Amino acid sequence: MKITKNNAFGKYLESLSEDQLAKTDALFQDLQEHCTLPKHWAKKLVKDFENALVYYHQSGVAPDEAHRRLQPRKLGGFYARGAAAWFALDDAAKVYPLSMGRSSMAVFRLSAYLKEDVVPALLQMALNFTIKRFPGFATTLKKGFFWHYLDTAKRRFRVDEEHDLPCQPLKVSASGSQSFRVLYWKNRVSVEFFHVLTDGTGGMEFLKVLLGEYIRLLGAEFVPEDMLLDVYDSAAPQETENAFRNVASEKHGAGFVDKTVVQMTGPLAKTHPCRILHIKMDAKKLSQVAKSYGATVTEYLLALMFLAGKAATDELEGQCSIQVPVNMRKFYPSETLRNFSMYCGVRLDIGDITTVEKMLPSIHAQLTEKAGKQPMTQMITSTKKLVSSVRYVPLMVKQPVAKAVYGFLGDKIFSNTLSNLGIVRLPEVFYEYVQSMDFVLGTAMTNRAECTLVTFGDCATFSISKLTRDPSFEEKLESLLQLDGIPFTIEGSGYYGH
Amino acid sequence: MDIKITYPAVKKRQNFLDWVRFILKCLAAAAVIACPIVNLFTGGKPWSLVVIMGVYTAWTLVLDPDLVEYNRISQFVKAVLCAVALLGLIDYALAPGFAIKVLPIVIFSALLVAGGLFFSDLQRQKQNMMPMLTLILISFIGTALGLSLYHGTGRWAMIVMGCVAFGLLVGCIAILRKDFIRELKKRFHTK
């Protein structure tokens, strides 16, 4: 075997016995059999294996054990086969490439905080092993005559250290470019997805499998137990289907247009987002407090957000509306990893935003009425009708129209968003490695804050992507949580762009 | 608020290129508005059409390039099509008579270059075949129209253009086979 220019790997090889050297040679030969990528990608893949072996050597893992963890057969046939598959965008995803701009792209981020700092070499290998399980994610956005589509990208997908703002637009223009990015920073692993690929639920499945592979590379053993996808299984066709097509249409659809609402009045920042905040709460206490109000966690947090939103605006009249994404999988069980969510808006007159107790009945009634199966199915019906009615219109005509309509409607019918991903369940062994998780939405155009909630173990993380420096919203939230006796800590970024 | 910072500090972004791009866009927009007005007032040949096409070419290739499918074949074909349109307008508005002979030469040369770009990196470029097919289609239409409407001395270039386009199409089909059909299915899907 050729000793590479990688000095650390060269030294590693020198330290091996004849027998171990032969085994290492066999490992790389096996790798070659599993990889028919173009030369520049193949070289990087080889380098990834070298870096991982060096890391194991430096951390005292025996070569045999390192070889076992890094078996090239775990790559499957992903890197050995050409690009053949392609995927039409699902009905919800179709709007994203039509409306995106150079500095505005629907990107969201899911992160896991580990108990130790991330080992980049192992995270890269975890991604190399994971990507085969998600053929719908190993894709590049392409332009068809009528619609965009996702074309398989056979390449080595990259892990990067985090240096930029969260949820920045991805460069999807080049051949084979990634539509998601995997980042690490200290003890945090983040995956940022372009929304054409998936929604929060599908993205979380990817993050769980990636974490699983990472902790396996660290030496953990576990069985997925229906809590996450088995990385060694082949992807099922249902995982890449457009699940909207399986929903029977209602007689009547539901409109997308509504009255514009009050926005927080802090000046819009030039940098998007201008700050990220994570309020990490005791999940049990949060649930207890919500129950004490006779509400669900989502309803309770919506009430707090209305109060905080009111504190962050100078408007005295009008309505506030919070967008609540609804996971359609709860109404129509589906294995799809693509987008399968709709949304509803919970609206209150500013005058009615008074106390949590007084608002909760209205919030509860609206959620029951608007986020139920029938209204959501009506919305799907409208989406399907819209998609169907323009399917034979060439993309070059659709694109400018969609951009203009999107620019006109924008996000002015909502003041804020609350996306609750719910409780993330993982096998017991994960709790030895993973501390908490968070979910960050990319900022919109005029909504000064976008909020999310995700719960892992005892930690419920409420995240805010800010689009204004005005701290009134988060300060009011902080005081409301204190008032209700919910213990929390706040983490996040400094202000960007200053 | 007591906030524990868990994100890296982000270096101030290099806005210089964005600013240059913004200023050039403003200048381009001003030119598109001003030139037709000046042209209308001063009269004479419609030179402003050439300016507008020139500005569009700079806009689409440099100032606001594609967000999706920015690859060597798509950009080359786009540049060629803009050049063809520009030459056509110059012929129409400023110096009539040369385009009928020059355009087929430009297009068949472009077909040869596009073919070279395509076949030299087939594994990757087969997913970028569509712009080349567009150029082939335009060549066929150009050949059919040119041969039926024009009976002057430049017909050889049209025949060569048609032959090169046909040869390239046959080459693509012969080499790609099923992938060729798959590529068309992807590009024209209505799902």
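Observations on the model:
- Over chain A, Cα pairs under 8 Å with separation of 6+ residues give a relative contact order of 20 percent.
- Both radii come from the Cα set of chain B: Rg as radius of gyration, Rh as Kirkwood radius; their ratio Rg/Rh reads 1.11.
- Qualifying trypsin sites (Lys or Arg not before Pro) for the range B:55-154 [loop in DSSP, other Cβ within 10 Å: at most 11]: none
- Protection proxy ranking of A:95-101, A:206-212 - average other beta-carbon atoms within 10 Å, highest first: A:206-212, A:95-101
- Positive-end residue of A:Leu70, A:His40, A:Tyr12, charge dipole of the range A:1-76 with Cβ unit charges: A:His40
- Residue mean of other protein chain beta carbons inside 10 Å, A:143-153: 5
- The alpha-carbon positions of the range A:355-422 define a convex hull whose volume is 132 Å³ per residue.
- Working from label points 7 Å from Cα in the Cα-to-Cβ sense, the A:Asp458 to B:Lys4 distance is 1.4 nm.
- Global geometry of the protein assembly as shown, whether rounded, prolate or oblate, following the gyration tensor of its Cα atoms and the 1.5 cut on a/c: oblate
- The range B:15-65: C-alpha gyration tensor shape, a/c 1.5 cut-off, then a/b vs b/c: oblate
- Highest-first packing order for the peptide set A:134-145, A:339-350 is A:134-145, A:339-350, based on the mean count of other beta carbon atoms within 10 Å.
- Dividing the summed helix terms, -39500 (n - 2.57) for each DSSP H run of n ≥ 4, by the number of residues in the protein assembly as shown produces a 222 nm estimate of -14500 deg cm²/dmol to the nearest 500.
- Candidates per chymotrypsin sites (Phe, Trp or Tyr not before Pro) in the range B:148-180, loop by DSSP, up to 14 other Cβ within 10 Å: B:Tyr150
- Compared with the alpha-carbon gap, the fully stretched path from A:Glu225 to A:Lys358 is longer by 43.6 nm at 0.36 nm per residue.
- Global geometry of the range A:325-453, whether rounded, prolate or oblate, following the gyration tensor of its Cα atoms and the 1.5 cut on a/c: oblate
- Considering only the protein assembly as shown, percent of DSSP beta bridges that pair antiparallel, nearest 5: 80
- Hits among aspartates and glutamates - C-alpha to C-alpha of A:Lys115 under 14 Å, sequence gap 8 or more where chains match: A:Glu432
- When you count the other C-beta atoms within 10 angstrom of each residue and take the mean per peptide, B:43-49, A:189-195, B:80-86 line up highest first as A:189-195, B:80-86, B:43-49.
- Within straight-line reach of B:Lys126, meaning a Cα separation under 18 Å, sit the following lysines at least 8 residues removed in sequence or on another chain: A:Lys39, A:Lys142, A:Lys143, A:Lys154, B:Lys78, B:Lys178, B:Lys185, B:Lys186.
- Counting, for every residue in A:79-85, the Cβ atoms of other protein chains within 10 Å of its Cβ and taking the mean gives 2.
- The calculated FRET efficiency for the pair A:Ser234 and A:Glu317, based on their C-beta separation and a Förster distance of 60 Å, comes to about 0.55.
- Out-of-range pairs (alpha-carbon distance over 28 Å; input A:Lys373/A:Lys466; A:Lys403/B:Lys25; A:Lys132/B:Lys11): A:Lys373/A:Lys466; A:Lys132/B:Lys11
- Annotation for the range B:158-176 versus the range A:206-224: alpha-carbon center distance of 51 Å.
- The range B:15-65: relative contact order in percent, alpha carbon pairs under 8 Å with at least 6 residues between: 41
Since every read-out is calculated from the coordinates, none of them should be taken as a lab result. What you see is a predicted model, and the numbers here were worked out from it, not measured in a lab. In this analysis, Cβ positions are derived from the backbone assuming ideal geometry, glycine residues included, and neighbour counts consider all displayed protein chains.
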